[in-house]
1. Using just the helices of the chain, give the 222 nm mean residue ellipticity in deg cm²/dmol: DSSP H runs with n ≥ 4 each add -39,500 (n - 2.57), and the total is spread over all residues, rounded to 500.
2. Work out how far the C-alpha atoms of the stretch 344-479 reach from end to end along every principal axis, then list the three figures in whole Å, largest first.
3. Mind ordering 436-442, 18-24 by average Cβ neighbours within 10 Å, highest first?
4. Using Cα-only point scatterers and the Debye equation, what is log10 of I(q)/I(0) for the chain at each q in 0.07, 0.11 Å⁻¹, rounded to two decimals?
5. Once you have the Cα-Cα distance between V487 and T398, take 0.36 nm times their residue separation minus that, and quote the gain in nm to one decimal.
6. In what sequence, highest mean first, do 121-129, 277-285 appear when ranked by Cβ atoms within 10 angstrom?
7. Roughly how many nanometres apart are two label points built 7 Å out from the Cα toward the Cβ at L377 and N416?
8. Placing +1 on the Cβ of each Lys and Arg and -1 on the Cβ of each Asp and Glu in the chain, which of W401, N443, A310 has its Cα farthest towards the positive end of the resulting dipole?
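All of the numbers you see were taken from the coordinates with simple rules; none came from a lab. Predicted, not measured: the structure shown is a model, and the values here were computed from it. Heads up, the Cβs are rebuilt from the backbone with ideal geometry, glycines too, and the neighbour counts pull from every protein chain shown.
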Amino acid sequence: MIFICVLLIVFLVKLSLRPSNFPPGPRGVPLLGFAPFLPKNEPFFRVIQKMAEKYGPVTGFYLGPFLPFISVDGKKAVKEALHNNDLNGRPSGTLLKSRTFGEKLGLVLVDGDFWQEQRRFTLRHLRDLGFGKTSIEDQMVDEISDLISDITEAAKSDPDHVVDFKAIFTVSVFNSLWTIIGGKRFQRDDPAFKQLLANVDLFLRGGNIAQVVIPVPAFLVRLFPSLPSRLGLKDELFVPIQQFIEESIDEHVATRSKGDAARDFIDVYLDEMEKQLENDSTFTKKQLIASIQDLFTAGSDTSSGTIGFAVLSMINYPSIQQKMREELENVCGDSLPSLAHRASLPFTDAFITEVMRMSSVAPLGIPHLAMKETQLLGFTIPKGSIVSVHLNSMLQDTETWGDPANFRPERHLDFNGKLIKSEVFVPFGIGKRICLGESLARNTVFLFTAALAKTFEFKSLPNKPPPTLEPTIGFVSGPQPFKAVVVRLVH
Ligand code: HEM
C-alpha cells in the first residue's frame with residue numbers, strides 16, 4: 001500500500017514537472033494543469049495579456065497532463081513565433097475535428113504537405129476568380145447598392161430614422177464571397193440563407209481557443225456526442241451548413257456539361273478532383289465541403305464585423321466621420337467610391353486601418369502548433385505545444401503607436417498625407433500562415449465602408465450615448481448589436 005502511494009506521489013510530481021527551459025507560467029494543479037482556471041467570461045486575449053504582464057512575453061502552462069500551451073505576446077515574440085516554420089502546424093484534437101467529419105480537413109486547421117497543397121490550390125484559383133482583383137468589384141457594387149437600399153428603406157420606415165444593424169453586413173459580405181465560390185447571390189431576406197449565417201455567427205461567438213484544444217479522447221465524444229458543444233465547440237451548427245454546401249456541389253455537377261468552362265471555385269475544384277482521380281489525392285468531396293466551410297467561418301464574420309466596427313467608429317467619432325466624407329465627396333464626386341479611387345483617398349484608408357487596428361477582430365489569430373521542438377526567445381517549446389499568438393499586442397503596442405488606446409486615423413499618414421505601411425500592423429497575421437483572404441477582405445471592407453460613409457450620416461440615438469465599441473466574446477471579436485440614426489445624404 002505504502003509502495004503504491006509513493007509511486008502515485010512520484011508519478012504526480014513527475015507530471016507536474018515542466019521540461020527544462022520551459023517558459024514561465026501558472027502551474028495549476030497536477031493532472032489538470034491550468035485547465036480548471038481558464039476564465040470563461042473574459043475574452044481569452046485579455047487573459048493572455050494579463051499573463052504576459054505577470055510572466056513575460058512567452059508564457060507556458062499545461063492543459064491536462066500532456067498538452068503544453070504557449071501564449072506569445074508583444075512585438076518581438078510575435079514576430080519570431082510567426083516567422084518560425086516549426087510553429088506553423090495547427091492543433092487537431094477530437095473536439096476540433098468534430099467540425100469536419102471527425103477528420104483533419106479544410107484549410108484552417110490542417111498542416112504539413114496536405115495544408116500546403118490545398119492552400120496553394122485554393123489561393124491560386126480564388127485569385128483567378130477575383131480575390132483581390134477589380135473584376136469582383138462589379139459584383140460587390142451590386143451588393144453595396146442592395147445594402148444601401150435596405151438601410152434607406154429601414155431608415156424611412158422609422159419616424160426617428162433609427163436602423164437596427166444586427167447582422168446586416170454579414171448577408172452582403174457572404175454574398176460577395178459566395179459569388180466566387182458558388183457562382184450566385186442570395187436574396188437578402190431568404191430565411192434559409194439567413195439561418196446559415198446565424199449559425200456561423202453563433203459558432204464564432206460561442207467558445208474560446210484554450211477550451212477547444214483540450215485533449216478529449218475520441219471514444220468520449222462517441223459516447224457523449226454533445227460533449228464538443230458543452231466544451232464550447234458547437235459542431236451541430238455545421239450540419240445545415242455542410243448540407244447546404246453539399247447540395248450546391250451536387251447542383252454544380254448536375255448543371256455542367258463536359259468541356260464547359262469553370263464557373264466558380266466549386267467547378268475548378270471538381271475539375272481537379274477528376275484530374276487527380278487515380279492518385280492518392282487530397283482533393284475529395286469531403287475536403288471541398290470542409291474548405292468551403294472554413295472560408296465561410298474565416299471570411300464572413302471577420303469582414304462584416306470590421307464593417308460593423310467602422311460604422312460604430314463613425315458614430316463614436318462624428319468629426320472623423322465628417323472629415324472622411326469630405327474627402328470622399330471631393331474625390332468621388334457623384335459616384336460611389338471604387339478601388340481606382342483608393343490611392344486618392346488616404347484619409348479614408350487611414351480610417352479603415354485605424355478601425356482594423358482598434359477592433360482587431362481576430363485578436364489571437366488562429367492557434368498554431370509546434371511541429372517539432374523549437375526555441376522561442378530562448379525558451380524551449382516542446383513538440384506538440386499549442387501556440388497562441390496575441391496579434392492584438394502588436395496592434396496595441398505602446399512603443400510603436402504612442403497612444404494606442406486613442407482612435408486616431410492620422411497616425412497612419414506621413415507628412416505628405418500618404419498612408420504608412422507599418423510592420424506592426426498585423427490584423428491578418430504574418431508569415432506562411434497569413435490570412436488567405438487578406439486581399440478580398442481589404443477590398444470588401446474598403447468598398448463597403450467608403451460607400452456607406454459617402455451615402456449616409458450615422459448618429460447616436462436621440463439622448464443616448466454612442467453605442468459601445470466593446471467587442472463580443474468568442475473565437476473572433478465582433479461588434480455588439482447596435483442601432484443608429486441614419487440620415488441619407490446622397491439621393
Ligand atoms: C477583416 C477580415 C479578416 C481578418 C482580420 C482575418 C484575419 C486572419 C488571421 C489573423 C488569420 C490567422 C493567421 C495565423 O494563423 O497566423 C487568418 C487565417 C485565415 N483566414 Fe482570414 N481574416 C479576414 C478575412 C478573411 C477572408 C475574407 C477569408 C476568405 C474568404 C479568410 C480566410 C482565412 C483562411 C482560410 C485562414 C487560414 C489560413 C491558413 O491557415 O493557412 N479570412 N485570418
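1. -15000 deg cm²/dmol
2. Its Cα atoms span 55, 37, 30 Å along the three principal axes.
3. Averaged packing, sorted descending, gives the order 436-442, 18-24.
4. -0.40, -0.97
5. Net length gain for the segment: 28.3 nm.
6. 121-129, 277-285
7. 3.7
8. Projecting each Cα onto the dipole axis, the largest value belongs to W401.
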